[in-house]
1. Taking Kirkwood radius over Cα pairs in Å straight from the coordinates, which label in (i) 16.5; (ii) 13.9; (iii) 17.7 is the correct one?
2. Rounded to the nearest 10 degrees, what's the angle between the helix 33-44 long axis and the longest principal axis of the chain, both from Cα atoms, 0 to 90?
3. How many Å² of accessible area per residue for the stretch 3-92, probe 1.4 Å?
4. Suppose every K and R has +1 on its Cβ and every D and E has -1 on its Cβ; what is the size of the dipole of the chain about the Cα centre, in Debye to the nearest 20?
5. So how tilted is helix 80-91 from the main axis of the chain? Cα-based, degrees 0 to 90, rounded to 10.
6. In degrees between 0 and 90, to the nearest 10, how far off the longest principal axis of the chain does helix 13-22 point, with axes built from Cα atoms?
7. If one computes the Cα centroid of the stretch 39-79 and of the stretch 1-16, what distance in Å separates the two points?
8. Go through His32, His87, His65 and list them by solvent-accessible area, largest first, probe radius 1.4 Å.
Amino acid sequence: MQGCSGYVTTAGFEFVCEAMYLGKPVMMIPAHVEQEINAADASAVGAGIVNTTFDISRLMDHIPHYATKREVFREWGDSAEELFIRHLTTLV
């Protein structure tokens, strides 16, 4: 995925997160309710667009206008271990 310009997915959580981490715009075509929620969340934070059919031209049109918050998301993702440990130690 690192070398692609954009990514089309059904909005499974892991694929959307990986695309966000790598700063790749996504076109999400949800297949069930959990994916619809993932797609709505990802779209709301600017990760990509949601569509009901496979129309690659929509993603191609979106790519030049894609504004990513890649560094913010990447920093948050990279801090996961520290956050996890901090939460565990505050609970004990």
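The values are calculated or read from the model by the stated rules, or taken from the named source; none is laboratory data. Treat the numbers as computed from the prediction; the structure is a model and nothing was measured. Cβ atoms come from the backbone with ideal geometry, glycine included; neighbour counts cover every protein chain shown. The area values use the complete protein model at the heavy-atom level, side chains included, leaving out ligands, DNA and RNA. Shrake-Rupley method; radii C 1.70, N 1.55, O 1.52, S 1.80 Å.
1. The listed entry that was calculated here is (ii).
2. The two axes meet at around 90 degrees.
3. Values: 6000 Å² over 90 residues.
Per residue, the stretch 3-92 has 67 Å² of solvent-accessible surface.
4. Values: 6 positive and 12 negative charges, 39 e Å.
For this selection, approximately 180 debye.
5. 40
6. Between helix and principal axis, roughly 90 degrees.
7. Each part reduced to its Cα centre gives a spacing of 9 Å.
8. On the way: His32 85, His87 115, His65 145 Å².
I get His65, His87, His32, largest accessible area first.
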